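Have a look at the structure below before the remarks.
What follows is calculated from the coordinates using simple rules that are stated; it is not laboratory data. No experiment lies behind these values; they were computed from the predicted model shown. Glycine gets a Cβ as well: all are built from the backbone with ideal geometry, and neighbour counts include every protein chain shown.
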Amino acid sequence: MSISIERLTKRYGKFTAVEDVTIEIPAGSVFGLLGPNGAGKTTTFKCMLGLASATSGTTRYDSKPLTPQLFEELAYVPERSALYEWMRAGDHLEMQKRAFKSFSAKRADELMQLFSLDPRKRVRNMSKGMRTALSVVLAFASEPRIMILDEPTSGLDPVNQRSVLKLIIDASAQGATIVLSSHQIGQVERAADHIAVLKNGKVALSGAVDDLKAGSKIVEAIFESDAIALDGLANDTRVTRLEKTGRILRVTVRSGGDDVAGELSSRGALSVRVVDLNLEDIFLNAVDSGIQTAEVVEAVQ
Amino acid sequence: MPAVLTVDPRSGVPIYLQIIEQIKRSVALGVLAPGEQLPTVKQLALDLTVNPNTVARAYRDLERDEVIETAPGRGSFVRANGSAETSRAAASHVAAEALLHAVREAKSIGLNAAQVRALFDAALARWFPEEQ
């Protein structure tokens, strides 16, 4: 099921949490929503689910608005656990069973064992990681077509984090559409095929992970002297960042790395190197101040 | 089969390209034999802990390049027909990539074409002494 978020804006009084966000989530994809704390990820999720009312903009599921029936096929792992403190883990499973037709008690059992959870334990006696794990169990014990997972690995140890990743990959292979936020970029890099980066409530960058990686490069050029001709580079649409340190120029590009390398050679660079960027680099570049002029970066050093 | 595949998701090289590269290399080296069955998309995605659509994209490209073929309902296999040719093509592809990389490195540290050619001749002399 595809999800289209169109021009979503959410204001709390004078504070704008999400501004004019448009995101297209292809059916069957694992979509990673990244951003620093307070960038608007959780607000976006809440608006998508109708848990917060958008100031303007829409979210459509297969071109249709969210309906109560759709909740049957939807799983949400909230950032802050929505579990009841006084209830036992097993009571939550029982509630879930009544709410979701596709709930499988057998699968719930397997998942409880996978995360070593005791159904008799009360939520109030659970650690942060156990609460996250229980929320994950509740989400994955049915077979939702849409999963919205807000930090589904927070507080989990590396073994359990890997288990959650495998559950996401398995659900995706079954055709579910999954939207995921995580501060662990390495996990998003594995699980997601598309991402969007939010910064101050706006989309700073979005696209297919493989395309972003294929396009994003740092071209590093070493010149004979520190008088490097930079004219035109700062306005080049391929360039997202310029950094000059003495005789070394580092140009971050979103595309055309080899062409930019060729141009720097013809500007007299002694040596030019094209360096691949991983998702963390791409993310940090997107949330960093974007295009910077060489002068600004030089002054910072 | 999964034992011959490792991807580095944290690398800047797209994961689907890493999968393509490694399967081509395995076919070229005969680690994957003609007719050998590949894991399903789901299985490989779980083994490598990477996105299934990424694996599916790699398989599609490998089919397009005639390295593997997929029989609906039966799975994906290393192509048996013209496998010698496929494996030669895969081998030269792997070698060409490595050479391109080496030449680009040499250029980036300031060597000129004549100097690179001299290095290449020296490498040939070392690895193909009988043909000198």
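Scan the stretch A:130-155 for residues that are assigned to a helix (DSSP H, G or I), under 20 Å from the mean Cα position of the chain (by Cα) and without any contact (Cβ under 8 Å) to a residue 40 or more places away in the chain and report the count.
Within the stretch A:130-155, residues that are assigned to a helix (DSSP H, G or I), under 20 Å from the mean Cα position of the chain (by Cα) and without any contact (Cβ under 8 Å) to a residue 40 or more places away in the chain number 1.
May I ask you to say which residue of A:42, A:67, A:55 is within 21 Å of residue A:188 (Cβ to Cβ), of a type in the set (S, T, N, Q) and more than 14 Å from chain B (Cβ to nearest Cβ)?
A:42
Quick one: count up the residues across the stretch A:269-286 that are more than 9 Å from every other protein chain (Cβ to nearest Cβ) and outside any helix (DSSP H, G or I).
Count: 1.
Within the stretch A:215-248, work out how many residues are out of contact with any Leu (no Cβ under 8 Å at 6 or more places or on another chain) and among the small types (Gly, Ala, Ser).
Here the count works out to 6.
Residues of the stretch A:201-217 being farther than 21 Å from residue B:61 by Cβ, out of contact with any Gly (no Cβ under 7 Å at 6 or more places or on another chain) and not β-branched (Val, Ile, Thr), which ones?
Across the stretch A:201-217, the qualifying residues are A:202, A:204, A:205, A:206.
Determine which member of the set B:40, B:49, B:70 is out of contact with any Ser or Thr (no Cβ under 8 Å at 6 or more places or on another chain) and either over 26 Å from residue A:211 (Cβ atoms) or hydroxyl-bearing (Ser, Thr, Tyr) (or both).
So the residue among B:40, B:49, B:70 that is out of contact with any Ser or Thr (no Cβ under 8 Å at 6 or more places or on another chain) and either over 26 Å from residue A:211 (Cβ atoms) or hydroxyl-bearing (Ser, Thr, Tyr) (or both) is B:49.
Among the residues of the stretch A:250-268 satisfying the criterion of being more than 24 Å from residue B:13 (Cβ to Cβ) and touching a residue at least 24 places away in the same chain (Cβ under 8 Å), which is farthest from the other protein chains (Cβ to nearest Cβ)?
Once the filter is applied, the top-ranked residue is A:267.
Among the listed residues A:22, A:44, A:59, which satisfies the condition of being of a type in the set (Ser, Thr, Tyr), in a helix (DSSP H, G or I) and closer than 25 Å to residue B:53 by Cα?
Only one candidate passes the filter, namely A:44.
Quick check on residue A:56: is it free of Cβ contacts under 8 Å to residues at least 60 places away in the same chain, at negative phi and buried (at least 17 other Cβ atoms within 10 Å of the Cβ)?
Answer is no for this residue.
Would you check which residues across the stretch A:208-249 are within 11 Å of chain B (Cβ to nearest Cβ) and either touching an Asp or Glu at 6+ places or on another chain (Cβ under 8 Å) or closer than 22 Å to residue A:197 by Cα (or both) and list them?
Within the stretch A:208-249, A:208, A:209, A:210, A:211, A:212, A:213, A:214, A:215, A:216, A:217, A:218 meet the criteria.
If you take the residues of the stretch A:127-153 that are surrounded by fewer than 20 Cβ atoms within 10 Å (Cβ to Cβ) and of a type outside the set (D, E, K, R), which of them is nearest to residue A:104 (Cα to Cα)?
A:129
Does any residue of the stretch B:5-16 turn out to be over 18 Å from residue A:194 (Cβ atoms) and more than 14 Å from chain A (Cβ to nearest Cβ)?
yes
Got a number for residues in the stretch A:54-81 being under 26 Å from residue A:133 (Cβ atoms), under 21 Å from the mean Cα position of the chain (by Cα) and not acidic (Asp, Glu)?
So the count comes out to 7.
So residue B:22 fits all but one of (1) in a helix (DSSP H, G or I); (2) within 14 Å of another protein chain (Cβ to nearest Cβ); (3) within 27 Å of residue A:257 (Cα to Cα); (4) polar (S, T, N, Q); what number is the exception?
That leaves (2) as the condition not met.
Would the stretch A:256-263 turn up any residue that is more than 22 Å from residue A:278 (Cβ to Cβ), of a type in the set (A, V, I, L, M, F, W, C) and outside any strand (DSSP E or B)?
There is no residue in the stretch A:256-263 that is more than 22 Å from residue A:278 (Cβ to Cβ), of a type in the set (A, V, I, L, M, F, W, C) and outside any strand (DSSP E or B).
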